[in-house]
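Colleague: Take a look at this one; I'll ask things after.
Here, each number is a calculation from the coordinates, and none is a lab measurement. Keep in mind that this is a model prediction, so the values were computed, not measured. Counting neighbours? That spans all protein chains shown, and the Cβs are built from the backbone with ideal geometry, glycine included.
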Amino acid sequence: MITDYIDKDKVIQYLDEHLSEKRRRHIKGVVETAVSLAKQYGADPEKAEAGALYHDMFKERDLDDLIDRYGLPQKYKGKRNLAHSKVAAAVMENELHVTDRDLINAVSYHTTGRPAMSLLEKILFLADAIEPSRDYPGVDEARRLAYKDIDRACLYSLSRSVDFVRSQGKYLDEDTLHARDYYENQLKERKMDSRTLAIEAAKAMDAKLGIDVVIIDVAERSSFTDYLVVASGSSERQAEALADAAEDRLAELNVLSRSTEGRRNTGWILVDFGDIVVNVFTEEMRAKYNIEGVWGDCDLVDWK
């Protein structure tokens with residue numbers, strides 16, 4: 001229950017009395033987006049709603065006195081954009097007696113992010129950045145990524161924040177820098193893992209006499225996957241056998257497909273594993289779709 005995290009009526013009354021209509025509209029958008037993302041990724045929607053209601057409650061007042069009251073770092077003085085999240089977290093813990101540490105942290109780091117954020121922290125960080133009233137270059141891409149790959153979306157938003165703050169000559173919180181570097185490294189490590197999976201899928205199809213099996217590294221150009229594994233079958237039946245071979249091999253490695261398209265007299269089968277996507281064609285349909293040509297500026301992996 002949301003009452004486990006927040007006295008919702010009192011918080012909404014506080015927001016109505018102390019914040020502008022524009023700020024309340026933003027908070028409403030963050031609530032809607034945070035709840036939607038929580039449902040997308042299996043987090044607690046009520047806890048996400050609570051964090052969203054709390055997150056900007058001190059955004060429109062002077063905070064220097066509260067920074068001193070709660071013993072927060074002096075570096076936040078005069079920097080309301082950074083300080084408001086820290087003050088809100090301190091008030092939640094010390095005055096409102098919130099004990100859920102994950103919720104407190106989600107509010108505290110919703111502006112800057114930090115390395116190794118929890119799922120709730122990532123949700124609130126992104127919801128604040130992409131809620132419907134946000135309008136800045138790149139926000140549409142951030143929204144799209146947020147519902148496809150939450151870590152990649154965090155990196156995208158963090159990287160843009162670093163670039164923007166530096167371009168403005170403003171103070172850049174070290175948490176944002178550390179968070180960006182952390183998620184860069186996380187995605188590089190994940191890419192190495194997905195490369196191994198792509199090779200295993202390719203080997204499985206090659207063992208079933210797949211024709212011209214190739215792996216295309218699309219990570220730098222694609223936001224939906226890292227590798228495309230492409231093969232041809234000499235017939236519809238063999239194409240299905242190749243797709244089954246790739247799926248069976250990755251299942252042995254505890255990687256299950258997210259979705260499958262095609263099959264049954266289409267000449268084309270797509271199996272989506274997230275970080276890799278397997279495409280199997282009849283030779284005629286492969287020539288028609290020309291995937292290697294579409295991704296011709298990407299590198300091929302020497303998987304053999």
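Colleague: Among Ala52, Leu155, Val294, whose Cα lies farthest out toward the positive end of the dipole of the chain, if unit charges sit on the beta carbon of Lys, Arg (+1) and Asp, Glu (-1)?
Modeller: It is Ala52, whose Cα lies furthest towards the positive end.
Colleague: Here is a follow-up. Between Ser118 and Lys28, what is the FRET efficiency for a Förster distance of 25 Å, r being their Cβ-Cβ separation, to the nearest 0.05?
Modeller: 0.60
Colleague: Let me ask something else about it. Is the shape of the stretch 172-212 best called rounded, prolate or oblate, per the rule: a/c under 1.5 gives rounded, else a/b larger than b/c gives prolate, else oblate, with a ≥ b ≥ c the square roots of the Cα gyration tensor eigenvalues?
Modeller: It is prolate, given that a/c is not under 1.5 and a/b is the larger ratio.
Colleague: With every atom except the alpha carbons ignored, what do you get for Rg and Dmax of the stretch 1-74, in angstroms?
Modeller: Rg, Dmax (Cα atoms, Å): 13.8, 39.
Colleague: Give me the percent of DSSP beta bridges within the chain that run antiparallel, rounded to the nearest 5.
Modeller: 70
Colleague: Inverting the mean 1/r over all pairs of different Cα atoms, compute the Kirkwood radius of the chain and quote it in Å.
Modeller: One over the average 1/r among Cα pairs gives 21.6 Å for the chain.
Colleague: Compute the convex hull volume of the Cα atoms of the stretch 215-284, divide it by the residue count, and report the result per residue in Å³ as a whole number.
Modeller: Dividing the Cα hull volume of the stretch 215-284 by its residues yields 85 Å³.
Colleague: How much of the DSSP bridge set in the stretch 145-304 is antiparallel, in percent, rounded to the nearest 5?
Modeller: Counting DSSP beta bridges with both partners in the stretch 145-304, the antiparallel share is about 70 percent.
Colleague: So which aspartates and glutamates can Lys77 reach, going by Cα to Cα under 19 Å and dropping same-chain residues fewer than 8 places off?
Modeller: Asp56, Glu60, Asp62, Asp64, Asp65, Asp68, Asp173, Glu174, Asp175
Colleague: Where does helix 119-130 land angle-wise versus the long Cα axis of the chain, in degrees 0 to 90, nearest 10?
Modeller: Computed tilt is about 80 degrees.
Colleague: Compute the projected area of the convex hull of the Cα atoms of the stretch 146-304, averaged over all viewing directions, and report it in nm² to one decimal place.
Modeller: Dividing the Cα hull surface by four gives the mean projection, 10.5 nm².
Colleague: If you place +1 on the Cβ of every Lys and Arg and -1 on the Cβ of every Asp and Glu, how big does the dipole about the Cα centre of the chain come out, in debye to the nearest 20?
Modeller: 580
Colleague: Let me ask you something else. Restricting to DSSP loop positions (anything but H, G, I, E, B) with no more than 16 other Cβ atoms inside 10 Å of their own Cβ, which GluC sites (Glu not before Pro) remain in the stretch 215-304? If you can, show how the numbers build up before the last one.
Modeller: Working: sites: Glu220, Glu236, Glu240, Glu247, Glu252, Glu261, Glu283, Glu284, Glu292; in loops: Glu220.
Taking the stretch 215-304 and a limit of 16 other Cβ atoms within 10 Å, the loop GluC sites (Glu not before Pro) found are Glu220.
Colleague: So what is the calculated 222 nm ellipticity per residue for the chain, using -39500 (n - 2.57) for each DSSP H run with n of 4 or more, over all residues, to the nearest 500 deg cm²/dmol?
Modeller: Rounded to the nearest 500, the figure is -18000 deg cm²/dmol.
Colleague: For the chain, find the longest principal axis of its Cα atoms and tell me its angle to the long axis of helix 21-41, 0 to 90°, nearest 10.
Modeller: In the chain, helix 21-41 runs at an angle near 40 degrees to the longest axis.
Colleague: Sort the stretch 2-135 into rounded, prolate or oblate with this rule: let a ≥ b ≥ c be the square roots of the eigenvalues of the Cα gyration tensor; rounded if a/c is under 1.5, and if a/c is not under 1.5, prolate when a/b is larger than b/c, oblate otherwise.
Modeller: rounded
Colleague: Beyond a 22 Å Cα-Cα separation, which of these cross-linked pairs lie in this structure: Lys8/Lys79; Lys59/Lys79; Lys10/Lys59; Lys22/Lys170; Lys28/Lys79?
Modeller: Correct reply: Lys8/Lys79; Lys22/Lys170; Lys28/Lys79.
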